[in-house]
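Read through the structure below, which is laid out as structure tokens, and then see the notes.
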Amino acid sequence: MQLQSLILPLLIVLLAVPLFLQARKQKRAMAEQQKLQNSITAGDRVMTTSGVFGTVVSTSDDTIDIEIAPGMTTTWVRQAVREKVETEAAEAPAAEAPAEESATEETKVEDKSETEVADSAEKQKTS
């Protein structure tokens, strides 16, 4: 009898805890999204929920104007902004890093080739 009386409360706890944690996580994500949307100012580069990239030209309480191409400005609801996008200046150092890695890989390949040539020359001498 003792075990049966513990099963129901344990089952309720096992179902309630994940629901509570998920609700907390979702509430936190909504708060972050709201903070992002309220922090949008003119000059920010943004991506909308539909995947359109553009630069914010002007803002009002509920809407923002986004320039999606030179001279082409569209008006969006502020909640349509998904995220701020880093500018190209911030992306430039990231683009240089792979070039350095490829140079390192080329050096490794050259070192390996030299080692292979030396090994084959040694083998020919011993033959």
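Run the numbers for Thr73 and Thr55: contour at 0.36 nm per residue of separation, minus the present Cα-Cα distance, in nm.
Numbers: separation 18, 0.36 × 18 = 6.48 nm, distance 0.92 nm.
The span from Thr73 to Thr55 would gain 5.6 nm if fully extended.
With 5 Å bins from zero, work out the P(r) of segment 2-84 over every alpha carbon pair and list the percent per bin.
In order of increasing distance, the bins hold 3, 14, 19, 14, 9, 7, 6, 6, 6, 5, 5, 3, 2, 1, 0, 0 percent.
Give me the number: length gained by fully extending Gln2 to Lys84, i.e. 0.36 nm times residue separation minus the C-alpha to C-alpha distance, one decimal in nm.
Details: separation 82, 0.36 × 82 = 29.52 nm, distance 5.66 nm.
Between Gln2 and Lys84, full extension yields an extra 23.9 nm.
I'd like the carbon and sulfur percentage of the solvent accessible area for segment 2-84, probe radius 1.4 Å, heavy atoms only, ligands and nucleic acids excluded.
Working: 3920 of 6240 Å².
Percent of accessible area from carbon and sulfur atoms in segment 2-84: 63.
When ligands, DNA and RNA are left out and all protein chains stay put, how many square angstrom of accessible area per residue does segment 2-84 have with a 1.4 Å probe? Before the final figure, lay out each step's value.
Details: 6240 Å² over 83 residues.
Result: 75 Å² per residue.
So what does Leu3 come to for accessible area, using a 1.4 Å probe and Å² rounded to 10?
So the heavy atoms of Leu3 present about 120 Å² to solvent.
The values are calculated or read from the model by the stated rules, or taken from the named source; none is laboratory data. Worth saying up front: this structure is predicted, and the values here are computed from it rather than measured. What goes into the accessible areas is simple: the full protein's heavy atoms, side chains included, and nothing from ligands, DNA or RNA. Shrake-Rupley method; radii C 1.70, N 1.55, O 1.52, S 1.80 Å.
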